[in-house]
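Input: a single structure, listed below in structure tokens.
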Amino acid sequence: MKNEEIIEDYPNYIINTYTRQPIAISHGKGIKVWDNDGKEYLDFFAGIAVSNLGHAHPNILNALKEQSEKIIHCSNIYYNENQLALAKLLNKLIPNSRIFFANSGAEANEGAIKLARKYTGKTEIISTKNSFHGRTLATITATGQSKYSEPFKPLPAGFKHVTFGEINELKNAINDNTAAIILEVVQGEGGIVVSDENYFKEVEKICKENNVLLILDEVQTGFGRCGKMFASEIFNLKPDITTVAKAIAGGFPMGAIIANKKVAKGFKPGDHGTTFGGSPLACAVAIASIETIINDDLLENSEKLGKYFRTHLLTLKDRYSFIKNVRGYGLMIGIELYIKCSNIVNKAREKGFLINCTADNVIRLVPPLIIKKEEIDLLIESLNEIFLDIQSE
């Protein structure tokens with residue numbers, strides 16, 4: 001089917017919950033994808049920071065093929081060797097941890113909130129304004145953007161929001177019933193918003209002083225996206241719970257709660273569960289994905305090319321007055337504008353580049369970690385052309 005045929009038929013069968021770009025993706029290879037009309041694109045969005053190894057990576061394909069020929073699903077009623085192997089690998093990355101496997105970032109955050117309440121015996125969760133933690137009722141309530149939660153009131157009780165980066169506001173929000181604070185190291189959906197090292201170290205200190213758990217939502221920042229395996233490493237943070245998903249299995253749906261072994265004891269048999277989480281197939285693919293990131297030096301590539309990318313984007317900032325800021329870590333980059341960016345996304349797509357607009361005026365760039373300088377140069381050249389046209393209008 002052609003793009004137009006698919007797009008026209010969608011409303012007849014699909015619940016309309018997304019504002020979609022007017023193309024249907026057919027297949028991909030590396031950083032490239034093709035639509036159903038055969039047009040080629042360079043993918044700088046990577047399925048919302050999911051496809052860190054690009055598309056159709058041979059290691060992912062081999063893991064999928066080999067494991068699917070053995071067993072795909074066996075339920076958590078039974079032990080699963082692949083689950084153990086992946087948990088051991090994650091334990092090397094975050095020592096002295098215990099893992100619960102889920103299917104998505106929202107599930108991981110939901111489970112982390114449950115674990116924090118169960119372990120502490122307290123009920124209040126503090127999160128930050130402009131944050132994003134998922135689409136379940138609890139996680140949209142934790143999310144500090146009313147546009148996601150307002151239509152679904154009444155919302156679960158026990159959530160409080162403070163300004164990201166404002167340490168005194170956080171101090172004043174903590175009380176005897178505070179179980180945990182949940183933070184993104186970089187606010188992804190909120191516009192690639194970053195804060196400084198002092199803020200995060202102060203948050204960590206305050207949590208310890210008040211016996212409050214620190215949950216870091218690394219759903220979007222994990223597995224090399226910010227130039228480190230986890231963004232917490234940028235600031236040498238030691239959270240009590242880390243939540244991950246998106247890139248953990250290179251595009252295969254998976255999430256996880258990574259808790260220190262003391263906090264992990266808060267869950268007892270029957271306290272939490274999932275039918276599909278940590279299936280033999282998902283775990284096999286996740287192992288292949290993480291080992292590839294390590295063995296192919298993709299952390300270094302993310303950090304090195306992220307700096308290269310931001311340096312060249314800053315030259316555009318110097319050239320165009322409607323660019324307010326360029327920020328981010330590794331290959332998680334935001335270009336904040338004084339204008340809305342949806343039309344820029346459309347113009348880029350027409351030129352053969354997939355990028356994203358978030359928070360209305362921030363261009364979000366989260367390409368696969370396998371990206372090359374030449375591909376970055378092509379997007380910079382294209383953005384320059386688009387910005388020149390905007391300036392001349």
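For the reader, a short list of remarks on this structure follows.
- Which numbered condition C357 misses (of (1) buried (at least 18 other Cβ atoms within 10 Å of the Cβ); (2) under 15 Å from E385 (Cβ atoms)): (2)
- Residues located in the range 107-128, provided they are buried (at least 21 other Cβ atoms within 10 Å of the Cβ) and in a helix (DSSP H, G or I): E107, A108, N109, E110, G111, A112, I113, L115, A116
- Residue count for the range 305-335, restricted to those that are among the aromatic types (F, W, Y) and over 29 Å from F223 (Cα atoms): 2
- Of all residues in the range 176-219, those being closer than 15 Å to D240 by Cα and assigned to a strand (DSSP E or B) number 12.
- Residue within the range 13-21 that is of a type in the set (A, V, I, L, M) and surrounded by 11 or more Cβ atoms within 10 Å (Cβ to Cβ) present: no
- In the range 78-105, the residues that are closer than 12 Å to I287 by Cβ form Cβ pairs under 8 Å with partners that are charged (D, E, K, R) and outside any loop (DSSP other than H, G, I, E, B), at six or more places apart or across chains, as follows: A87/R98; L89/E291.
- Options F230, F267, F235: the member that is surrounded by fewer than 23 Cβ atoms within 10 Å (Cβ to Cβ) and under 14 Å from the mean Cα position of the chain (by Cα): F230
- K262 being free of Cβ contacts under 8 Å to residues at least 40 places away in the same chain, part of a helix (DSSP H, G or I), in the same structural domain as N384 (by TED's automatic domain parsing) and of a type outside the set (A, V, I, L, M, F, W, C): no
- Hits in the range 220-248 - residues which are small (G, A, S), touching a helix residue (DSSP H, G or I) at 6+ places or on another chain (Cβ under 9 Å) and either touching a residue at least 60 places away in the same chain (Cβ under 8 Å) or assigned to a loop (DSSP other than H, G, I, E, B) (or both): G222, G224, G227, A245, A247
- Looking across the range 186-216, just one residue is more than 21 Å from the chain's Cα centre (by Cα), among the charged types (D, E, K, R) and surrounded by 19 or more Cβ atoms within 10 Å (Cβ to Cβ), and that is E204.
- Screening E336, E291, E385, E350 for residues that are in the same structural domain as S131 (by TED's automatic domain parsing) and either surrounded by fewer than 20 Cβ atoms within 10 Å (Cβ to Cβ) or under 20 Å from K32 (Cβ atoms) (or both) leaves exactly one candidate, E291.
The values are calculated or read from the model by the stated rules, or taken from the named source; none is laboratory data. Source: prediction; values computed, not measured. As a convention, Cβ positions derive from the backbone with ideal geometry for all residues, glycine included, and neighbour counts pool all protein chains shown.
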